[in-house]
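The structure under discussion appears below in the form of structure tokens.
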Amino acid sequence: MNVVLTIVLAVQMLSALGMIGLILVQHGKGADMGAAFGSGGSGSLFGASGSANFLSRTTGVLAALFFACTLLLAYFGGSALPRSGSSVLEGTAVSAPAPAGAASGAAQIPATTAPASGSAAVPVPPAPAASGAAQIPTK
């Protein structure tokens, strides 16, 4: 199974690189107008209109191959996942307990500690009671 996945992945990468190269070689529809007025772009290896058919068909074949490889990789990759009834996000949000005796919240901010000797105490505004969606006013 590992060999099949490696081969499918290699075919997908080669088809992606081939598509990139072929798309960059192709000219846009506006380039045909310049060739009609004698810009010299029509005298190519495939003739005046032969390259458009060859390059566009080859790009289409490579796109279909890329799409098929993507579907195969998604199918084989999805079968390796465990089928549990829980959400993926539930398993990732594991919070570590705070160590005992550690200060939390506003006590960790340096400005809320005792002022240095000889300076006046600056009042610190209290932290908001709620955050996030609780701060949105209701109608």
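The values are calculated or read from the model by the stated rules, or taken from the named source; none is laboratory data. Every value quoted in this text rests on a predicted model; they were computed, and no experiment measured them. In this analysis, Cβ positions are derived from the backbone assuming ideal geometry, glycine residues included, and neighbour counts consider all displayed protein chains.
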- Per the filter on region 1-31, residues without any contact (Cβ under 8 Å) to a residue 12 or more places away in the chain, part of a helix (DSSP H, G or I) and either surrounded by 10 or more Cβ atoms within 10 Å (Cβ to Cβ) or of a type in the set (Gly, Ala, Ser) (or both) are Thr6, Ile7, Ala10, Met13, Leu14, Leu17, Ile20, Gly21, Ala31
- Message: Looking only at region 62-78, how many residues end up being more than 18 Å from Ile7 (Cβ to Cβ) and either modelled with pLDDT of 95 or more or surrounded by 14 or more Cβ atoms within 10 Å (Cβ to Cβ) (or both)?
- Response: 1
